Each structure stands twice: as structure tokens, then as C-alpha cells.
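Okay, so here's the structure we're looking at.
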Amino acid sequence: MFFKKKKEKDKIKLYCAAENPGSYSAIFLSSYRQIDIDVEWVDPAEGSEYSALIGTNTLPSLIDGKFAICRIFPVLTYLNIIGSKPKIEPRKARILAKEKYYISLIEKVLWVINIDSEKEKLLFLLDQQLEKYKFIAGDELTLADIYLFGFTMISNNDLVKYKNIGVWLKKMFSLVPNQNTESMIDGEFYKLLKERKIA
Amino acid sequence: MKELFDDIAISVDAYGADGDMKKTQYVLDLIGSVSNPETYKCILAASEQGMEMNCYALENLNDSQFDEMKGETLALRESDFIISGSEAIVAFIDARGLGYSLELKNAQLAAIQNYWVDIANVAFSDSVCKLIYGNVGKRKDKHTLTKDSLEKINLYLDALDKQLKNNKYIVCNKYTFADLHWTAYIHFILISDYEDLIDNKKNIQDWLQRIKSRKSQCGQEIVAYDNLPNKTDIENKKLSSVRIGDF
């Protein structure tokens, strides 16, 4: 009996940037859904030929074998479907609508616009929302939480004053497998995040 | 916003008062602008999913009603639930609808779909809005802005034309969210007197013909595209409601 040795599948390569909130969202989702990824940190501002090809809008980018895709929305879509772990997919139409509503707000106000007063207004709203519910769109984890997580990793804002966001952030870290142990600091998730600027 | 909907919408009690049994369990009310592609997306989604939706033009609201919108330009109500923003409304209608969801199950196809949705919503829409509405308060003059926007729009349309070379629809041979989003923007360009932008784009023209004749996703005898406002509707500030007669 001869069996062909199954070719080991290459790991998914994820190109991320330290200042790019979507990069942290993609890393979080990969860790949450236990998808094996290799993260390569790139600097879109370094001035190399390679960096000229990538812009902040194209990151994170992903290569899985012959398939390549860029931009946060399609990358998260891909990472949310592949693998065997359950998808983050609200069943109820109202939760789904709220998820999209908050994603749109977080992306526009926290990720793109650089107006502190607008950011503070939204963070206050999200903090209130998290006082009532476990997660942003209700009592289940949605992609809106993953988007906010990305923002918290690059935020220079003082998030300490948002008590409920602080509690929620701890909860988010505890959702990543094997991170809520004593050796959490050595976990794969932290290794992936080690080059981020906010310690 | 609840008061506003109560004020302008048909009373729920009056719905179906003629005794007809309808499969639609929920009455959807939409407030949106007749000249906003985001509104068109919601109309397309409701038509595709066979959801009856009463539509009210933002342009016909009086000042106090307009203030009730609290800065939003698009809102949907279903019973006690109100949501704003086209992304949220389209997702809600798609999940509630009678037809199969437009969401793709295959990871690669779904990613490609959302890539095209993202390009439409973030990059293409920005250039389209600058072209049609102008860009008040910016340093560049209107002529420069128009030239810049036209160049960018042409670039995106070329890419779309290339993408449609081997596919019936944008992602594959199946109608997806990508088609819905691009239909809204391209229809907006066409009714804003920029038809010539797709003159040399044969694949886009063929795709548009398919969109204009395809039966809705829910399998009923309606063509979603027919529910979009035309030039006359824009002049008359008229937003047609989505009606499903074929249950």
C-alpha cells in the first residue's frame, strides 16, 4: 500500500502595519477562530518600492496559496469563513443590522476621521451600549467588536475613562484561546501582537 | 425618529385593510433621498428579497420632520425597530427577506464580493459624489474636481469592465451584493447625465442589461431595477414604494 504523503498546507500570510487598526482586527479574528497565520509587519511609509505598492487602504492583505486579497472588509470575510471553527455570524436580522451599523460608525469615526470630539462622542455611545449589553451589538460577539478591538490597539485616546469599554476589552482578550492562563503573555496571540506600539 | 415615522408612515392597522392576505409579515418603512445611491441600495435589496417597503422621500419632509432625522439621511423602521445607514438596512432586509440571502458561502468568492463592495462604497462612491454634488469648501476649483473625479471614475469603471469580461455578474455567474452596490452607483451616474461614462464599456453595458431584466432573488415577477427612481422621479421628488403583488 502506498500512500502519497499529504502536502503540508502553507500557512496563511497576513501583511499588517503597526498603525493600521484593521491589522489587529484580522489578527484577533484569526486567533479567535484558531486559524494558523504568519504575520508580516510592513511599513507603508518606509519609502521602498514594496511600500509604494501597498497603501494603508490595502492593509491588511492576505495570501493563502494562490489566493490573495487586500482591504479589511474582504480579509475579515475570508478569515471568518475558512477553518472549522464556528463563524461569527449573527442569526437575528436586528443584531446583524446593528453589527453593520456599528462597523460603519467605528470605521468612519474611529478609524478614518481624525476629529477627537467625534471620536469621544462615539466612544461614549459605545461605552453606554456596553453597559447594557455584553458586546457592542447585543449579547453576542459580532464583527463590530472585532473592529473596535482594532481601534483599541492603536488608540492614543485615554480609554481608561470608558469603564465599560475596559471591561469589554478584558473580555475580548479572554475569548482568544489559551490567553486566559497565567502564561498568557507567551501565547501565540501576544506573539503576533508583539510589535504593536501600544504595549 | 419614532415620532417621525408615526407621523409620515401608513398606519400599521391600515395595512392590508382590504382583506387581502399577504405573506409579508412586517411592514417596512424607509425614509431616504431620491438622489442618493445609498437609498437605491435599500430599494434594490427590498425588491430582491420580496419585502414590501413604503418609501418616503427625504426631500418632501418639512423642516421639523427633517430635524427629527438628527443628521441621518436614510432610516428604516420595522415595527419598534429603527436603524439607519445603508449597510445596516441592506443587511437587515437581506436577512429578513423571502429569498435566499445574497451572502456567499464560499470564502474566496465572499472575499472577492466584499472587495468589490468595499471599492464601490469607499473609493468609487467618493469620486461619484464629488462629480455630481461637487465638493464645497475644498481648495480645488470645481473644474479641477470634476476632472479628477472623472479620471478616477474611469479608472474604476475600466477595472469593473475587465472584471466582467468572463463573468455574468461581478463576482461569478451569480448575482451578489457586489452587483447590488455597483448597480446603485451606476444608475445614479446614468440618471445624472453622465451616460457617456459607460459608452465604451461593453461588458458593463451587457451586465447592466442583465440587471435590468433579471427576475428578483425571491423568485417573484419583479425586476428590482424597475423600482429605482428615474430622472422624472428626481424632479418630482418621488420615491416609489416596493410592492409585491405576486404571492
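The values are calculated or read from the model by the stated rules, or taken from the named source; none is laboratory data. Everything numeric here is computed off the predicted structure, so don't read it as measured data. Glycine also receives a Cβ, built like all others from the backbone with ideal geometry; neighbour counts cover every protein chain displayed. We work out accessible area using only protein heavy atoms, side chains counted, and drop any ligands, DNA or RNA first. Shrake-Rupley method; radii C 1.70, N 1.55, O 1.52, S 1.80 Å.
The figures follow:
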quantity	calculated
Whole-number percent relative contact order across chain B, with pairs defined as alpha carbons under 8 Å at least 6 apart	28
Positive dipole terminus of region B:107-213, leading residue within B:CYS129, B:LEU109, B:THR176 (C-beta point charges)	B:LEU109
Region B:71-188 - Debye-derived log10 I(q)/I(0), Cα point model, q = 0.18, 0.22 Å⁻¹	-1.03, -1.25
Percentage relative contact order, region A:15-164, counting C-alpha pairs under 8 Å, at least six apart	27
Relative contact order of region B:107-213, defined on C-alpha pairs under 8 angstrom at six or more residues apart (%)	31
20 Å Cα-Cα threshold exceeded, pairs from B:LYS105/B:LYS174; A:LYS92/B:LYS2; A:LYS98/A:LYS134; A:LYS11/A:LYS66; B:LYS41/B:LYS237	A:LYS92/B:LYS2
Check: chain B dipole with +1 on Lys, Arg Cβ and -1 on Asp, Glu Cβ, in debye	1120
Cα-based helix-to-principal-axis angle, B:177-191 vs chain B, degrees rounded to 10	80
Dimensions in Å of region A:93-175 - Rg and Dmax from alpha carbons	11.7, 34
Accessible heavy-atom area order of A:SER23, A:SER84, A:SER31, B:SER101, highest first, probe of 1.4 Å	A:SER84, B:SER101, A:SER31, A:SER23
Rg followed by Dmax, in Å, when region B:32-136 is reduced to its Cα trace	15.3, 47
Solvent exposure of region B:107-213 as accessible area per residue, Å², 1.4 Å probe	48
Averaged over A:88-96, number of beta-carbon atoms from partner chains that fall within 10 Å	4
Angle between chain B longest axis and helix B:202-213 axis [Cα atoms, degrees, rounded to 10]	10
Debye, to nearest 20: dipole size of region B:107-213, +1 on Lys, Arg Cβ, -1 on Asp, Glu Cβ	120
Euclidean distance of C-alpha centroids, region B:67-127 and region B:169-247, integer Å	16
Cα-based Kirkwood hydrodynamic radius, region B:38-100, one decimal, Å	12.3
Solvent-accessible surface (1.4 angstrom probe) belonging to A:VAL39, in square angstrom, nearest 10	40
Principal-axis tilt of helix B:107-118 within chain B, Cα atoms, nearest 10 degrees	90
Over chain B: helical MRE at 222 nm, DSSP H runs n ≥ 4 each giving -39500 (n - 2.57), nearest 500	-13500 deg cm²/dmol
Solvent-accessible area of A:ARG33 with every protein chain in place, 1.4 Å probe, in Å² to the nearest 10	0
Packing-based ranking, highest mean first, of B:232-239, B:192-199 given that Cβ atoms within 10 Å are counted	B:232-239, B:192-199
P(r) weight above 34 Å for chain B, C-alpha pairs, percent	17
Pairs of Cα atoms farther than 28 Å apart, region B:104-247, %	23
